[in-house]
Amino acid sequence: MAELIARREGAVGRVIFSNPAKFNAVTYDMWCALPQVLGDFERDDAVRVIVLTGDGEKAFVLGADISQLDQNQATPKVRRRYASAVDAAYQAPTLCRKPTIAKIRGLCLGGGLGLAAACDLRFAGDDAVFWMPAARLGLGYNFVGIRRLVDLIGVANTADIFFSARKIDAADALRMGFLSRVIPAADLDREIEAYCKAVAENAPLTIAAAKRGILEVRMDPEARDLEALQQMIERCYASQDYREGRAAFDEKRRPHFGGR
């Protein structure tokens, strides 16, 4: 059964794309569910960081479930509805106030590349394989999808993966700047847990403001809302967390942040 699984474990919200029979290809219902799941985690004060991953070790996400393509392209109205759901799913990890991490094992191709690129960070096992097969399928990629990759890996690398449709390994993806870290597959879970723990111990208002600042930098100048960013910064300085951080620094102890 294809489904999107949401699970909270302490301060970590986990989103699992589960369709193992098809290497975690994403159905229409799964696309629709992702913004809601991330929204629920965003509203949960106990969640400090969110990890998106695939079910099992063979694949992260292979993009859209091609068995549904005909029904999802049946009429212009249906195509628009499907495209809207996919676009909202891709935007959700980027727009979420909390840090999002793509944990990648095995295959990551097509729409899976776009989904990973929409996360803030991408950690991969050294067994990961990346592939943009659009030119092998005759598919066209829209402006937003192209821009997401260009912003992350640059014009030349984006051209390379689209033009050649070649598979690249984790080391090459790291060199391109697609990956944040490459970790031996056997150590991936442990390393991500350690990283999430470190993030969860930091001030969440500061992290949210930093993420909003990064988003503003990436936006077109005319679309920026720097006033909203400034309000988030001012909230940091007015917070109990700021007072706690200053006190902990002076007292040479570990701070305890509550997000207020």
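FYI, it's all coordinate maths here, none of it is from the lab. Quantities reported herein were computed from a predicted structural model and do not represent experimental measurements. A quick note on method: Cβ atoms are made from the backbone with ideal geometry, for glycine too, and the neighbour counts reach across all protein chains shown.
Summary table below
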quantity: Total charge dipole magnitude, the range 202-251, about the Cα centre, Cβ charges on Lys, Arg, Asp, Glu only, Debye to nearest 20; calculated: 100 debye
quantity: Total lysine pairs whose alpha carbons fall under 24 Å of each other in the range 3-199 (8 or more apart, or interchain); calculated: 8
quantity: Farthest positive-ward along the chain dipole, Cα basis, beta-carbon charges - from Leu229, Ala248, Cys108; calculated: Leu229
quantity: Per-peptide average of other Cβ atoms within 10 Å, ordering 222-230, 132-140 highest first; calculated: 132-140, 222-230
quantity: Computed magnitude of the charge dipole of the range 3-199 (debye, nearest 20; Cβ of K, R +1, Cβ of D, E -1); calculated: 460 debye
quantity: Pairwise FRET efficiency - Ala185 versus Asp45, Cβ, R0 = 25 Å, nearest 0.05; calculated: 0.15
quantity: Sites Glu57 and Val217 - FRET efficiency at Förster radius 35 Å, r taken between beta-carbons, to 0.05; calculated: 0.50
quantity: Structure-derived percent of Cα pairs over 29 Å apart - corresponding label in (1) 33; (2) 62; (3) 28; calculated: (1)
quantity: Around Arg260: net Lys/Arg minus Asp/Glu count, Cβ-Cβ under 12 Å; calculated: -1
quantity: Percent RCO, i.e. relative contact order, over the chain, from Cα pairs under 8 Å lying at least 6 residues apart; calculated: 15 percent
quantity: Peptide ranges 103-112, 165-174, 18-27 listed from the most packed, as the mean C-beta count within 10 angstrom indicates; calculated: 103-112, 18-27, 165-174
